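Asks: Below is a structure I'd like to ask you about.
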Amino acid sequence: MLLAALSTGHKIGLAVVAAVFIAFALTSSFLAPRRRPDFPGKNGLSVFVIASIFLFASMLSAVIVFGSESEAKGAGAAAQGVAVQVKEVEYKITLSTHKVKHGTVTFSVQNAGKIAHNLTIQGGKHTANIA
């Protein structure tokens, strides 16, 4: 399910980190012991443990970084916002749309009447009179 939601770039990033981790695991468990039966030896044990911990942390970091695309898309859409055009004439206010999605909404007010008008949104800002 997760792979279906990811972009190609994120899939490639996860695949590269996973390939490095798998290559290290296979090399350290199959190839290295055949060439050196005492692998990793007394001197190489600390290097092997540090490399294992580093690669494990890298894999966890890659999943966190490359697996969070859906949140970024949602934040980008909400940050863009919606613009609503408001036209005011005497005794009438016309909106370009009556329904907006959750997020930032910007109202652009135009006075098409003969007297000054303003717009007040309940719980929000109040515009000055527009002539």
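Asks: Does segment 111-125 contain any residue that is within 30 Å of K11 (Cα to Cα) and modelled with pLDDT of 80 or more?
Replies: no
Asks: Let me ask you something else. Is there a residue in segment 112-128 that is touching a strand residue (DSSP E or B) at 6+ places or on another chain (Cβ under 6 Å) and exposed (fewer than 10 other Cβ atoms within 10 Å of the Cβ)?
Replies: yes
Asks: To continue, here is another question. If you check every pair at least six apart or on different chains, which have Cβ atoms under 9 Å apart with a residue in segment 6-30 that is over 16 Å from V63 (Cβ atoms) first and a residue that is outside any helix (DSSP H, G or I) second?
Replies: Qualifying pairs under 9 Å: S28/F39; S28/P40.
Asks: I would also like to ask the following. Among the residues of segment 79-98, write down those that are touching a residue at least 24 places away in the same chain (Cβ under 8 Å), of a type in the set (G, A, S) and surrounded by 12 or more Cβ atoms within 10 Å (Cβ to Cβ).
Replies: Of everything in segment 79-98, those that are touching a residue at least 24 places away in the same chain (Cβ under 8 Å), of a type in the set (G, A, S) and surrounded by 12 or more Cβ atoms within 10 Å (Cβ to Cβ) turn out to be G81, A83.
The values are calculated or read from the model by the stated rules, or taken from the named source; none is laboratory data. Because the structure is predicted, anything quoted here is derived from the model rather than measured. When we count neighbours, we look across all protein chains shown, and the Cβ atoms used for this are built from the backbone with ideal geometry, even at glycine.
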